[in-house]
Amino acid sequence: MTSLSPIAAKKSRHSKFLLIAGAGWLLAGCSATTLGNFPDTTDVVERADYIDRKPVPDLSDYQEAAQARIKELLARPLTVGSAVEIAMLNSPGLQEVYQKYQIWDEDLVAEMAEAAKKEADPNHTNMDWVAARLALMKSVNTVYRYDFPDEYFAVAEDFIETGEEVRKAYFEAVAAAQLQDMLEHAATATQAAAELANAQYEAGTANRRSQALQHMTHAEIVKALAEARLEAVVAREALNRLLVLWGDDVNWSAPETLPELPEARPAYEGLEEYALKRRLDVLSERKSWALWHTAVDVRSEVRENHAALLTRYDIAKYQRDTVLPLSAVVLEETQLEYNGMLMGIYDLIDDTRGQIEAGREYVEALRDFWIAEAELSQAVGGTLPN
Amino acid sequence: MNRRQFFTASGLGLAASAGLMSRAIAAPAEPESFADPATRQPLSADGRGYTPVVTLNGGSLPWRLNNGVKEFHLVAEPVQREFAPGMVVNCWGYNGSSPGPTIEVVEGDRVRIFVTNKLPEHTTIHWHGILLPSGMDGVGGLTQPHIPKGKTYVYEFTVRHSGTFMYHPHSDEMVQMAMGMMGMFIVHPRDGSRRVDRDFCFLLASWDIDPGTFTPNTAEMTDFNMWTFNSRAFPGIDPLVVRKGDRVRIRVGNLTMTNHPIHLHGYSFKITGTDGGWVPPSAQWPEVTADIPVGAMRAFEFVADVEGDWAFHCHKSHHTMGPMGHDIPNMIGVDQKKATPKIAKLLPDYMYMSMGENGMAEMQDMVAMGMSLPENTLPMMTGEGPFGPIEMGGMFTVLKVREDLAPGDYTDPGWYEHPEGTVAYEYKS
Ligand SMILES: [Cu+2]
C-alpha cells in the first residue's frame, strides 16, 4: 500500500477533491471561478434526467464548419495529426457527444484547428487529447452545473480511445502502402531475373529447368505482392472507417514513408505517477479499493507499454543503423564482384532483393514503434510528457 | 608403436642429441631478407664454370663458407607477398618471401642449411629430388622430429648430383604449401658441362584467395582462383630478358595439385632435365609446350635466335586469368536489353552494365575505365601492351629477345620494335 500513489491512499471522502485537482490538466485555461464551481457529485443525483430534457440543438453550423476543415486537411498529405483531427470532427459518436453536452459549434472546429497549428511536429500532434481538452473545457463552461463527472470522464476517454485507434490505423495504412511499394521493387527484380532466364533459354545458355526456377521465384513474389496490395487496401479502409470518409474524400494521399524514428530513445522517467494523474479511469474512480486496484493496473500497463515502446525503438534503430548498413555492404560487395565477373547477375539480383527485404523489415519495425507510442500514449492518459 | 619401436625411437633420439652436442657449430649467419619482389641479379659463380640462375621475382640465397661447408640460413615465417600491384597476400614463406630464396650450389658441395622456425606451428624442410641420407630428407615424424616453433634445426649433406630441385615443408604439408612455402634448389654440374648463357627458374603455385580477402584458403583442393609463377601473377611477373643468340634454359617446378602445360611462343625447345636428372640427348624431342606434372620439375632449353616479345604461359586458359567466378551464368549471346533497365533502375547508385553477351573482353575495358573490384582483388584479365589490352592474368609473362643487350643484362628492354612490314595488319580492299 505504501508504494501506491497518494491517490490510492486517500479515503473516499477526499478522493473527489483530488479528482478535481487532478483534472486540472484538462481544464487548463479555465478561470479559477469555473473550477471553484465544479459540481459536487454527492448531490447531483436528482438532476439525473437533465440531459434527457434538454432540447436537441441544430448541428448544421457545426457540420458545415467541420466539413470545411476536413476538406482543408484532406487537401494535403494526411499526417497522423490531421487524421486524428478529422476523426474528432467527423466521428458520429463524438458528434453525439458534442450534441449531448452542447459543446459543438463552429468555434470548436476553429479552436481545434488553431491548436493543431500550434503543434510544431505533425507526428506528435495528439489531436484527440486536444479535442478532449477543448470539449471538456466547453462542457465545464456551459453545462457543468447539470452534468455528471462519471459521464464526463467517460466521454473524454472516448476521445482518447478513438485517437489511439486512429493513430494506430494511420501508421498501419502508411506502412502497408510503403511495404507494398517496396515489394513492387522486389517484383521488378525477380521479373528482370525471369526475363534474363528467358533470354538465356533463347540463346541456349540455360535449360528449361533453370528458366522455370527463375519464373517460380518471380511467381512467389507476384503472390506476395497481391497480398501486400490487399493489405494496403484493408489498412486504408480501416482508417477511412475511423475517419468516417466516403465519396471523393477517400482519395486522400499520405506521405510515402512513415515518420522517421526520433533521434532520442524515448525513455521516460516517472511515467507511472504521470499516468496516475492523467488516466481518466483513475481520476473517475471514487471507491478507494477500486481506485487502488485501478492504480495497480495502470502502473503495470504503463510499465509494459513503456517497455514495449523502448523495445520497438531499439529494434527499429538496430534495423536502421546496423542491419540496413550490413545489407548495403553485402550489396556493395556483390556489385564489386559482379564488376569483376566474380559473381553473376542472379547473385546481384538476389542481393538487391535482400536489401529491399531489410528495408521492408525496417518499415515494419518503424510502424511497430509508432503503434507502441500510440499505445503508451493512451496508457498514460492521452499524451506523453514532452 | 610397440615396445621395441618405442625404445628404438628413444635411443635414436638420445644418440641424435648427443651427436649434436658433440658437434660445435658456429651460429648461423643473419638471414638475408627477400621481401622485395623484384628479380635480383644472379649471384657470382666465382669462376667455377657455370651460369648462375635468375629466379623470377626473387633471387638466390648468399651462403657463408665455413671450413669448406656452404652454410645457408632459411627462416620459415609468415610473410606478405605482393602477387601483382593491387594485391598483397598473407603467405608463409622463407626469409621474408614466398617462394623462399633459391638455394644454388655446385655438384659435390657440402652444404649445411640452418632452418629457423618462426611459424606459429612446427615445420620441416624436405629437399625434393636431392639424393641424401635418409635422416636429412626432412619428413616430419618419419626421418626427423618436426622442428618446433622457435627452434633452429640443421640439415647437412653432400650434394651428389646436379639438376633442378625444390624444397618445401613435409610437416602440415597441405597447409604450409598452400600458404606458399616452397623454394628452388639448383645444383650446377661440377665439370662446367651443360652451361647455358641464361638460366631462369621459377615455381608454379595455385591459391584459393576469395575476392576481398588476404589469406589463402588452405582447405581448397580443386577450385583455385589464383595461379602464379613464383607467387606472382601477371602483370606482376617480370619478363624473361634474353640476348639474341643466347642459349637459354628455363627450369619450372610444379607444387600445385594439377599439371601445367607451359607453353613458349616463337621457339621449339627440348626438355633437357627433370627432377630426376639430365635427359640424355637421344631421349630429348622437340616441343613447344612442356607439361609439368604435379610435384615435378622440368628444365628445357633453346637458342634464342629470333628477336621479339614472345608470350610464355601455362596453356590451361583458366590459369592465365586473374580471379574469376567459376559459377556465373553463361551469358554468351544472351540479349539482356529487356532486363537491363529494370536492374539499373533498382540500383540507381550503381553503374549497372549487362555483361557477357558478346564474350568477356569488355571486362578489360571496364578495368581501363576504372571499374572498382573488391579490395585486394586483381581483375580477371588485365595488362596493357603496345597494341592494346593483353587480357591475361595468372601464369603469363613474356620472353623478350633482343639483339642490343649486353651479356648479363637482365633489364627490361621495353616493348619490341617490330621491323617494318612484320606486324599483322588490317586488310583494306
Ligand atoms: Cu596451368
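The values are calculated or read from the model by the stated rules, or taken from the named source; none is laboratory data. Just so you know, these numbers come straight off a predicted model, no measurement behind them. A quick note on method: Cβ atoms are made from the backbone with ideal geometry, for glycine too, and the neighbour counts reach across all protein chains shown. Ligands, DNA and RNA are excluded from the accessible area calculation, which covers all protein heavy atoms including side chains. Shrake-Rupley method; radii C 1.70, N 1.55, O 1.52, S 1.80 Å.
Structure summary
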| read-out | value |
| --- | --- |
| Accessible surface, segment A:158-213, averaged per residue in Å² (probe 1.4 Å) | 39 Å² |
| Long-range Cα-Cα pairs in chain B (distance over 33 Å), rounded percent | 39 percent |
| Exposure ranking of B:Leu255, B:Leu74, B:Leu43 by accessible area [1.4 Å probe, largest first] | B:Leu43, B:Leu255, B:Leu74 |
| Segment B:343-423: chymotrypsin sites (Phe, Trp or Tyr not before Pro) in DSSP coil with no more than 11 other Cβ atoms inside 10 Å | B:Phe387 |
| Averaged over B:369-381, number of beta-carbon atoms from partner chains that fall within 10 Å | 3 |
| Rg/Rh ratio calculated on Cα atoms of segment B:27-189 (Kirkwood radius) | 0.94 |
| Portion, in percent, of the accessible area of segment B:27-189 that falls on carbon or sulfur, probe 1.4 Å | 55 percent |
| Selection from B:Pro189, B:Ser98, B:Leu142 lying farthest towards where the dipole of segment B:27-189 points positive, charges on Cβ | B:Pro189 |
| Accessible area (Å², 1.4 Å probe, nearest 10) - B:Phe214 | 70 Å² |
| Solvent-accessible area per residue, Å², over chain B with all protein chains present [probe radius 1.4 Å] | 45 Å² |
| Segment A:313-386 - accessible surface per residue (Å², probe 1.4 Å) | 36 Å² |
| Estimated vicinal HN-Hα couplings, Hz - segment A:245-251 in sequence order (Karplus 6.51, -1.76, 1.60; Gly, Pro = x) | 9, 8, x, 5, 4, 6, 8 |
| Solvent-accessible surface (1.4 angstrom probe) belonging to A:Glu202, in square angstrom, nearest 10 | 150 Å² |
| Evaluated over segment A:263-386, the Cα radius of gyration and Dmax, each in Å | 22.1, 77 |
| Size of the B/A contact, given as accessible area buried on both chains, probe 1.4 Å, in Å² | 2600 Å² |
| For segment B:155-284, Kirkwood radius (reciprocal of mean inverse C-alpha pair distance, Å) | 16.8 Å |
| Residues along segment A:191-213 losing 30 Å² or more of accessible surface when the other protein chains are present rather than the chain by itself (probe 1.4 Å) | A:Ala192, A:Glu195, A:Leu196, A:Ala199, A:Gln200, A:Ala203, A:Thr205 |
| Whole-angstrom Cα spans of segment B:50-116 along principal axes, big to small | 44, 28, 14 |
| 1.4 Å probe, heavy atoms, protein only - residues of segment A:330-344 losing at least 50 Å² accessible area vs chain alone | A:Gln335, A:Leu336, A:Tyr338, A:Asn339, A:Met341, A:Leu342 |
| Sulfur and carbon atoms: percent of accessible area, segment A:263-386 [1.4 Å] | 51 percent |
| Cα coordinate range in segment B:340-416, projected on the principal axes (Å, largest first) | 61, 27, 19 |
| Burial of 20 Å² or greater, segment B:313-330 residues [accessible area, probe 1.4 Å, versus chain by itself] | B:Gly325, B:Ile328, B:Pro329, B:Asn330 |
